[in-house]
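Data block below; observations after.
Rule-based calculations on the coordinates, nothing more; no lab input. Since the structure is predicted, the reported quantities are computational estimates derived from the model, not experimental observations. Every residue, glycine as well, gets a Cβ built from its backbone with ideal geometry; the counts of neighbours run over all protein chains shown.
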Amino acid sequence: MISLLALLSTAAGRPAVECNLGGELVDGKCECYPTYTGEWCAQLALLSANTSLALYREGAASWGGSVVQERGEYHMYFANMLGGCGLKSWECNSAVGHAVAATPEGPYSVIEESIVPPFGHNPTVKAHNGSWYIYHIGSGETYKPFMNNCTGGFTPKGQVCGGSSLVDAAPPPAAKGDVILPDVLYSTNGSAGPWKSQKGSGPHGPQWAMNNPTVYIHPNGSALGIFKVPCNASVRPDPHTFCSQFVVATAQHPLGPYTVSGTTELYGEDAHLWFCPHSQTYRILFQGGAYTPVLPQWHGHFHMGFSVDGLSDWTIAGHLSPNFNDTEAFSLTVPLLNGSSVEYARRERHQLLLDPTTGEPAYLFQGGLADRFQPFKGSDHSNTLVQPVRTSRTTR
């Protein structure tokens, strides 16, 4: 079979494989579309942020945030660690919260602490024809016992949300043809509701049926979903070694059911899927990579991947660079407009807010941990950060 990538022309006016389908090859050099930057257009073109803090609370921790615009307001759905706990409590105390702001960069104010009670985590919201779909993990029922001994937005040192690890609890790798329902909170009336809940299910039971899902809803209402599963045994001989890779699934409706179409050769988690209007290709942001010596040793921790049809030939951006040295999509540093910067220890759970006119990524939202914002160094008092992305309409 001839790869779809191999059929793409490198002539001017067409996205070039050499440019990771993020730009065009002109006189032997890549000219990147506004969303991308770097020698091979393998990086996300992030701009200086205002404060980088979209959602920050002195006594409470958040993780990630997925945003939809509605009637001049920006609605964020985020993982909310209840009980004054920090990020380490997520399997015990995480609920899906709801916050609102007047601008994409915030600040966001929490208006609902728990629209999906613990356990509810890693929400991603999608709007289509007036209906909203909040995909998440957890069924809104207790997964591990609630932690009641936290204060100030951080988990007491040495305290761990009890039970087995996710490596032990996660389901086996998905197989082609598996039929899966995601955990979804949905409304036919936008943020106003009323909301209904769909419980997840899959061949291996309801828990983790569709783990950390990301969904792209096509104009006709059909959907493409990507989620993580444990790596196959050929690259992870020890089943207790953390390693995850992405599975692709399709559905005729945003709620599903989703049928697994195949497993990609992209390894990681926290994927965010969108459709690039410049190259007319599917893209994901994700993190992870070289979990075991058997896998390609990608440089960095944050990556982009691309596919022409969304179903096959998923490829990491920067794959043609020497020794994979150009595969990192961005770094842990967020530059600020005042000339300073914030260095994060962690920035994960990538979510993009698209420009409503052009469909380009306009803002990147993530969960962040930075000592600069912590009660003490090494705290798990996490927050939600935001950084603008260059678009064709960018003026700064």
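For the chain, excluding the exposed loop sites themselves (GluC sites (Glu not before Pro), DSSP loop, at most 15 other Cβ atoms within 10 Å), the longest remaining stretch covers 142-396. For Leu332 and Asn149, a Förster radius of 35 Å and the Cβ-Cβ distance give a FRET efficiency of 0.70, rounded to the nearest 0.05. Starting from the Cα of Lys176, step 7 Å along the direction of its Cβ; do the same at Thr142; then give the gap between the two resulting points in nm. The modelled label-to-label distance comes out at 4.3 nm. In the chain, helical runs assigned H by DSSP with n ≥ 4 each contribute -39500 (n - 2.57); averaged across all residues and rounded to the nearest 500, the mean residue ellipticity at 222 nm is -500 deg cm²/dmol. Seen from Pro34, the other residues with C-beta closer than 12 Å to its C-beta sum to a net charge of -1, counting Lys and Arg as +1 and Asp and Glu as -1. Based on C-alpha pairs under 8 angstrom that are at least 6 apart in sequence, the range 345-388 has a relative contact order of 36 percent. Here the dipole of the chain is about 460 debye; that uses its Cα centre as origin and unit charges on the Cβ of Lys and Arg (positive) and Asp and Glu (negative). Cα-based radius of gyration for the range 18-143, normalised by 2.2 N^0.38 Å, reads 1.32. The listed peptides 219-225, 385-391, ordered by packing as a protection proxy, come out as 385-391, 219-225 (highest mean of other Cβ atoms within 10 Å first). For the cross-link pairs Lys88/Lys176; Lys144/Lys228; Lys176/Lys196; Lys126/Lys199; Lys88/Lys228, the ones whose C-alpha atoms lie over 26 Å apart are Lys88/Lys176; Lys176/Lys196.
How far is the Cα center of the range 333-396 from the Cα center of the range 79-113, in Å? Rounded to whole Å, the Cα centres lie 16 Å apart. With a ≥ b ≥ c taken as the square roots of the eigenvalues of the C-alpha gyration tensor of the range 67-120, please select rounded if a/c is under 1.5 and otherwise prolate if a/b is larger than b/c or oblate if it is not? It is prolate, given that a/c is not under 1.5 and a/b is the larger ratio. Overall shape: rounded for the chain, with the ratio a/c of the largest to smallest alpha carbon gyration tensor axis below 1.5. Magnitude of the charge dipole for the range 11-131, about its Cα centre and with charges confined to Cβ atoms of Lys, Arg (+1) and Asp, Glu (-1), is about 200 debye. Counting only Cα atoms, the size of the range 137-259 along its three principal axes is 50, 46, 21 Å, in decreasing order. Stretching Val26 away from Thr292 to a fully extended chain increases their span by 92.0 nm, per 0.36 nm per residue minus the current alpha-carbon distance. Under the criterion of Cα pairs below 8 Å and six or more residues apart, the relative contact order for the range 181-269 equals 23 percent. Within a Cβ distance under 12 Å of Ser187, other residues only, what is the Lys/Arg minus Asp/Glu net charge? Charge balance near Ser187 sits at +1. Applying 1/(1 + (r/R0)^6) with R0 = 41 Å to the Cβ-Cβ distance of His128 and Glu18 gives a FRET efficiency near 0.75.
Within the chain, Cys276 have no other Cys Cβ under 4.7 Å of their Cβ and so lack a disulfide-compatible partner by this rule. Projecting label points 7 angstrom from Cα along Cα→Cβ for Phe376 and Lys196 puts them 5.0 nm apart.
Distance between the pseudo-spin-label points of Ala233 and Val160 (7 Å out from Cα toward the beta carbon): 2.7 nm.
Using a Gaussian network model of the chain in which every pair of alpha carbons under 10 angstrom is joined by a spring, one finds that among Lys157, Lys176, Lys88 the greatest mean-square fluctuation is at Lys157. Computed extension length for Ser114-Leu311: 67.5 nm, one decimal, from 0.36 nm per residue of separation with the Cα-Cα distance subtracted.
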